[in-house]
1. Checking the structure you have, find out if any residue of segment B:138-147 is touching a Ser or Thr at 6+ places or on another chain (Cβ under 6 Å), surrounded by fewer than 22 Cβ atoms within 10 Å (Cβ to Cβ) and within 12 Å of chain A (Cβ to nearest Cβ).
2. Here is a check on your reading of the model: is B:ARG150 within 11 Å of chain A (Cβ to nearest Cβ) and either among the acidic types (Asp, Glu) or surrounded by fewer than 24 Cβ atoms within 10 Å (Cβ to Cβ) (or both)?
3. Give the residue, chosen from A:ALA17, A:ALA60, that is within 9 Å of chain B (Cβ to nearest Cβ) and either among the hydrophobic types (A, V, I, L, M, F, W, C) or in contact with a helix residue (DSSP H, G or I) (Cβ under 7 Å, 6 or more places away or on another chain) (or both).
4. Within segment A:37-133, considering only strands (runs of 3 or more DSSP E) that don't extend past its boundaries, which have at least 2 residues that are over 22 Å from the mean Cα position of the chain (by Cα)?
5. Just checking, does segment B:99-119 include any residue being surrounded by fewer than 20 Cβ atoms within 10 Å (Cβ to Cβ) and either under 24 Å from the mean Cα position of the chain (by Cα) or within 12 Å of chain A (Cβ to nearest Cβ) (or both)?
6. Based on this model, can you work out whether B:LEU116 counts as out of contact with any strand residue (DSSP E or B) (no Cβ under 8 Å at 6 or more places or on another chain) and at pLDDT 95 or above?
7. Which of the residues spanning segment B:227-263 are of a type in the set (Gly, Ala, Ser) and more than 14 Å from chain A (Cβ to nearest Cβ)?
8. Closer than 20 Å to B:HIS161 by Cβ, surrounded by 16 or more Cβ atoms within 10 Å (Cβ to Cβ) and in contact with a Pro (Cβ under 6 Å, 6 or more places away or on another chain), is that true of A:VAL187?
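The values are calculated or read from the model by the stated rules, or taken from the named source; none is laboratory data. Remember, predicted model here, so these are calculated numbers, not experimental data. All Cβ positions, even for glycine, are placed from backbone atoms using ideal geometry, and neighbour counts span all protein chains on display.
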Amino acid sequence: MSSKLKHKPRIGVFKFASCDGCQLSLLDAEDELLAVAGAVDIAYFPEASSRMLKGPYDIALVEGSITTHHDAERIQEVRRQSKTLITIGACATAGGIQALRNWKDVDEFVRIVYATPKYIQTLKLSTPIAEHVTVNFELRGCPINKYQLVELIAATLAGRKPNVPTYSTCLECKRKGNVCIAVAQGVACLGPVTHAGCGALCPSYDRGCYGCYGPMESPNTESLSSQFRILGQDNEAITRAFRGFNAWAWQFRKASEESERA
Amino acid sequence: MTKAAVKTIKVDTLARVEGEGALYIKLKGEQVQDVKLRIYEPPRLFEAFLRGRHCSEVPDLVARICGICPIAYQMSGVHAIECALGIEIDPSVRALRRLFYCGEWIESHALHVYMLHAPDFLGYPDAIAMARDHPRVVEQALRLKKAGNRIVSLMGGREIHPVSAAVGGFYKVPAKSVLKELEDELKWALDASLETCRFVAGLEFPDFEQDYEFVSLSHPGEYPFNEGRIISNRGLDIDVKEYEEHFVEQHVEHSNALHSLLRSRGSYMVGPLARFNLNFDRLPNIAQQAARDCGLRIPCLNPFRSIIVRAIELVFAFHEALRIIAQYEPPPAARKPLHATAATGYAATEAPRGLLYHRYELNADGIITSAKIVPPTSQNQRRIEEDLWHFAGQIASRPEEEITRKCEQAVRNYDPCISCATHFLKLHLEREG
């Protein structure tokens with residue numbers, strides 16, 4: 001992309017329903033931040049700057065899910081203004097933890113939290129960005145991996161394919177030399193069905209993967225559910241395991257609904 | 001008498017705050033007629049979907065309320081569940097949790113002091129523009145921030161939503177030798193944080209003081225993190241379990257964040273200024289001396305000087321982290337076992353932005369049946385609006401651009417965390433005159 005651009009590429013960072021953690025990853029890239037800021041024009045990034053320039057943008061980094069009518073309209077405008085739209089994180093890519101409402105009555109949820117529900121405007125579903133507009137790349141993770149973000153920005157600017165593998169967390173875990181905690185300790189671990197990217201953190205910290213990078217390319221959730229049963233997990237626990245930060249990603253959604261019915 | 005014209009000052013997207021909020025101020029002449037801090041961050045309904053989840057999932061779930069202070073949520077969460085289940089944590093685990101919290105305070109305060117708040121004082125839109133004129137300052141800021149993040153990622157695998165916190169302790173605790181690796185950088189950072197104090201003490205502060213009720217945790221022997229009674233400068237002194245008897249959440253139309261108020265007295269302030277004013281004598285000598293060298297009076301009643309207090313808390317956090325590392329002995333087990341029982345648990349801890357209260361009701365299987373979470377920004381919201389009523393009036397004769405800029409700065413005194421509070425900012429100044 002950059003070779004064709006006469007200006008510094010303009011980047012916009014947009015937030016929808018989220019915790020801000022994924023855009024914070026950019027500020028957490030302490031060693032790379034000033035280099036990135038030198039290579040691009042950060043035209044719109046309200047969390048970091050009161051200088052907010054209008055589009056068009058060469059790259060839009062979109063964090064968060066769509067949960068209000070206003071946001072459903074705003075994402076259309078972000079898409080119109082942006083050449084390349086990249087979603088960052090589980091909320092933007094899969095609806096986030098707030099998608100747990102999708103199985104419940106959202107009006108009741110609002111009544112639980114707010115004394116005057118009529119002041120609150122929210123949609124029945126929390127949905128990923130791709131359900132609303134065309135997305136050019138989805139970066140996974142809750143939160144995203146900052147090194148993958150820097151790689152993705154560099155690749156997009158160079159017009160090449162980013163090096164972001166789609167295999168499972170298991171592969172990262174094996175490569176790290178971890179002893180498999182599912183096999184050795186009988187711990188329920190979502191590693192076999194979860195997208196790589198975190199560096200197999202949870203198993204490295206003596207716990208099972210909880211799927212925060214969402215489903216890998218072709219996950220065998222059915223087989224893993226059976227394995228979880230062998231390890232003594234009941235259907236409620238299996239439903240909860242798939243119903244986490246990427247609950248609305250269709251593969252995990254299917255798995256949680258199957259165990260819920262079973 | 002001529003009729004004074006109405007002026008509206010509005011900021012539709014407040015910058016350099018975490019989350020989405022707007023500010024609306026209406027002035028008639030030099031009289032403030034309305035102030036609204038409008039929080040339009042969409043609600044994510046955590047307290048509702050926590051119902052039906054297992055109590056062991058709490059640290060992972062509630063971390064996602066906030067990407068800047070996930071550890072605060074994890075700590076209030078695990079302590080509340082441990083309170084419910086009667087789990088006594090090992091003293092080494094307690095020390096490790098303080099270290100973990102030091103990492104988050106450092107990362108969050110360094111971000112706010114240098115990247116979100118300092119640009120207001122020095123007249124830059126952001127830290128990146130500031131770096132062009134003050135490269136050394138920004139490079140030092142990033143290195144300080146990184147030192148905090150290093151503690152977090154070493155103990156929890158990553159800076160944001162770390163994975164090690166567990167009910168009863170940690171999933172895995174670090175070896176002594178691993179923590180020792182942090183020492184050299186933390187020693188540099190302790191010295192550098194004293195420089196931060198000198199840097200922020202040299203900024204220019206508006207002449208503005210308010211008669212605040214400050215609220216924070218208080219512990220007999222320590223500057224508060226995870227434990228203590230809830231106290232104020234107006235006689236409040238309660239156990240965490242009594243929190244809801246004394247504080248009430250109010251739902252106002254212009255905000256998706258609930259306003260938390262003292263039942264008997266209304267607005268109050270939580271956060272660094274409150275902690276500092278109420279717990280100054282618990283700070284280590286090096287931090288007390290730094291505060292004196294910065295010319296801070298106790299109590300400090302100027303919210304703009306909270307940037308200095310955050311720098312003092314940086315000194316404290318680096319000093320405390322080094323102390324904990326020097327004395328650390330790993331606990332016999334990473335965590336105590338969890339035995340589910342029907343119970344209710346309460347906890348409050350000191351998030352970087354102030355008191356963070358959690359309550360959970362559990363059934364006999366350890367499933368959550370009710371949850372209540374009161375974040376610091378909910379508690380400060382009314383106080384921010386009150387500051388603006390007074391401050392906007394004080395500067396009402398100035399040009400509109402300056403009023404807008406200074407009012408935004410006044411909001412940032414509180415380092416508001418809007419994602420947290422939504423369960424926050426645009427400035428909208430309407431002016432008559």
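1. Within segment B:138-147, none of the residues are touching a Ser or Thr at 6+ places or on another chain (Cβ under 6 Å), surrounded by fewer than 22 Cβ atoms within 10 Å (Cβ to Cβ) and within 12 Å of chain A (Cβ to nearest Cβ).
2. So B:ARG150 fits the description; yes.
3. Details: A:ALA60 fails: within 9 Å of chain B (Cβ to nearest Cβ).
Being within 9 Å of chain B (Cβ to nearest Cβ) and either among the hydrophobic types (A, V, I, L, M, F, W, C) or in contact with a helix residue (DSSP H, G or I) (Cβ under 7 Å, 6 or more places away or on another chain) (or both) holds for just one of A:ALA17, A:ALA60, which is A:ALA17.
4. Counting at least 2 such residues, we get A:41-44.
5. Quick first cut of segment B:99-119, residues surrounded by fewer than 20 Cβ atoms within 10 Å (Cβ to Cβ) only: none.
No - not one qualifying residue is present in segment B:99-119.
6. Considered against the rule, which asks whether it is out of contact with any strand residue (DSSP E or B) (no Cβ under 8 Å at 6 or more places or on another chain) and at pLDDT 95 or above, B:LEU116 comes out as no.
7. Just the residues of segment B:227-263 that are of a type in the set (Gly, Ala, Ser), to begin with: B:228, B:232, B:235, B:255, B:257, B:260.
Once the filter is applied, which keeps residues that are of a type in the set (Gly, Ala, Ser) and more than 14 Å from chain A (Cβ to nearest Cβ), segment B:227-263 yields B:GLY228, B:SER232, B:GLY235.
8. So A:VAL187 does not fit the description; no.
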